[in-house]
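Q: The structure's right below; bear with me while I get my questions together.
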Amino acid sequence: MKSWGCPNCGKLAYTAEPLPHTEFHPCPGLKGVLAPMIEVGQKVKVLAVVREDYIGREVVRKDDDGRPVMAVVTERPDGSNDCAVFAPTASFGTSAG
């Protein structure tokens, strides 16, 4: 049994999956952004990265405040990190030709 926790909202979860995996959840501490759960006992930071470029008609993931979020980064004390990227999708209008 693995114990998982979120450093931003305090949520706890438990899994019995024997293979390597990471649980994700919509984190209230990151304004609803999908974020990874961390194995209990690890000292890490989980941060949402706001997209700062032009969006146009792309369909992007947004937080509860409507800000576009492009990724969630897990930073470890040893300097290593993981990154979950939320890739946008294109949206094209229809022609009334």
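Rule-based calculations on the coordinates, nothing more; no lab input. Everything quoted here is computed from the prediction, not taken from an experiment. Ideal geometry is used to build each Cβ from the backbone, glycine not excepted, and the neighbour counts take in all protein chains shown.
Q: Per residue of region 20-34, in order, report the coupling 6.51 cos²θ - 1.76 cosθ + 1.60 (Karplus, θ = phi - 60°) as ³J(HN,Hα) in whole Hz, putting x for Gly and Pro.
A: Values per residue, Gly and Pro as x: x, 6, 9, 7, 10, 8, x, 8, x, x, 10, 6, x, 6, 5 Hz.
Q: Hey, can you grab everything whose amide H is under 5 Å from the amide H of His25? Only 5+ residues off in sequence or another chain; H modelled, so Pro and N-termini drop out.
A: For His25, the qualifying residues are Ala35, Met37.
Q: For a quick check: with amide H placed at 1.01 Å from N, whose amide H comes under 5 Å from Ala71's, ignoring anything fewer than 5 positions away on the same chain?
A: When sequence neighbours closer than 5 places are left aside, the close amide H contacts are Val49, Phe86.
Q: Right, something else. Just to verify a number: FRET efficiency for Thr22 and Glu52, C-beta to C-beta distance, R0 = 25 Å, to 0.05?
A: Once rounded, the FRET efficiency stands at 0.40.
Q: I would also like to ask the following. Of the labelled options [x] 105; [y] 143; [z] 134, which one gives volume of the Cα convex hull per residue in Å³ as computed for this structure?
A: Only one option fits the structure, namely [z].
Q: Output ³J(HN,Hα) for region 65-78: one whole-Hz value per residue in order, computed from phi by the Karplus curve 6.51 cos²θ - 1.76 cosθ + 1.60 with θ = phi - 60°, and x for Gly and Pro.
A: 8, x, 7, x, 10, 9, 6, 10, 10, 9, 9, 9, x, 7
Q: Any idea what the relative contact order of region 1-57 is, in percent, if you count C-alpha pairs under 8 Å spaced at least 6 apart?
A: 32
Q: Give me a comma-separated list of calculated 3J(HN,Hα) values for region 8-15, in order, Karplus coefficients 6.51, -1.76, 1.60 applied at θ = phi - 60°, integers in Hz, x for any Gly or Pro.
A: Here the 3J(HN,Hα) series is 9, 10, x, 4, 10, 8, 9, 9 Hz.
Q: What ranking do 14-24, 81-91, 61-71 get when scored by the average of other Cβ atoms within 10 Å per residue, highest first?
A: Packing order, densest peptide first, comes out as 61-71, 81-91, 14-24.
Q: Same structure, new question: Calculate, for Val59 and Ala84, the FRET efficiency according to 1/(1 + (r/R0)^6) with r their C-beta to C-beta distance and R0 22 Å; round to the nearest 0.05.
A: 0.80
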